Amino acid sequence: MYRFKAGLKYPLRRLVVTGTDTPENFSLLFGSQQIPDGHAETRKEVFMAAETPAGSPMAAMGGFYDQGCPRWSPRPASEEEEKEIQKQVEFSRTFSSFLRPP
């Protein structure tokens, strides 16, 4: 088994992946009504996973974090999240095209 310290990354990702990243659950787990700092970034990573090719570093990390996950059912992305994801996907495609040999 890996000896990896992920801080809040692992529980936040598990909440996002299972669609249970709600204010009520944050209150139960973290003791306040505040949403943890990494929540938005974690949601973006989960949504980007669908656009990530198998074998990429991001896919490998996602597989590590999601090992043993009971189900993959994140809440739908908001309109703002959708725009940000599309922007990131386009950037990644453009960047990848520069790395390919001519």
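Values as computed for the structure displayed
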item	result
Failed item in (1) at pLDDT below 85; (2) hydrophobic (A, V, I, L, M, F, W, C); (3) touching an Asp or Glu at 6+ places or on another chain (Cβ under 8 Å); (4) within 19 Å of R13 (Cβ to Cβ), with V89 passing the rest	(4)
Any hit, the stretch 3-20, residues being at pLDDT 90 or above, out of contact with any helix residue (DSSP H, G or I) (no Cβ under 7 Å at 6 or more places or on another chain) and of a type outside the set (S, T, Y)	yes
Among the candidates F64, F95, F91, F30, residue that is of a type outside the set (V, I, T) and in contact (Cβ under 8 Å) with a residue 60 or more places away in the chain	F64
Condition met for G62 (part of a helix (DSSP H, G or I), out of contact with any Ser or Thr (no Cβ under 7 Å at 6 or more places or on another chain), farther than 16 Å from T20 by Cα and of a type in the set (G, A, S))	yes
Among the residues listed as E90, E24, the single one being loosely packed, with under 10 Cβ neighbours inside 10 Å, on the phi < 0 side of the Ramachandran plot and not in a loop (DSSP other than H, G, I, E, B)	E24
Residues of the stretch 41-61 satisfying the condition of being of a type in the set (A, V, I, L, M) and free of Cβ contacts under 8 Å to residues at least 24 places away in the same chain	A49, A50, A54, M58, A59, A60, M61
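Results for (1) closer than 19 Å to Q86 by Cα; (2) more than 9 Å from the chain's Cα centre (by Cα); (3) hydrophobic (A, V, I, L, M, F, W, C), shown as yes or no for each residue.
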residue: L15; (1), (2), (3): no, yes, yes
residue: T22; (1), (2), (3): no, yes, no
residue: L28; (1), (2), (3): no, yes, yes
residue: P53; (1), (2), (3): yes, yes, no
residue: P57; (1), (2), (3): no, yes, no
residue: F64; (1), (2), (3): no, yes, yes
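The values are calculated or read from the model by the stated rules, or taken from the named source; none is laboratory data. The structure presented is a predicted model; accordingly, all values stated were derived computationally and were not measured. Don't worry about glycine lacking a Cβ; one is built from the backbone with ideal geometry, like all the others, and counts go over all protein chains shown.
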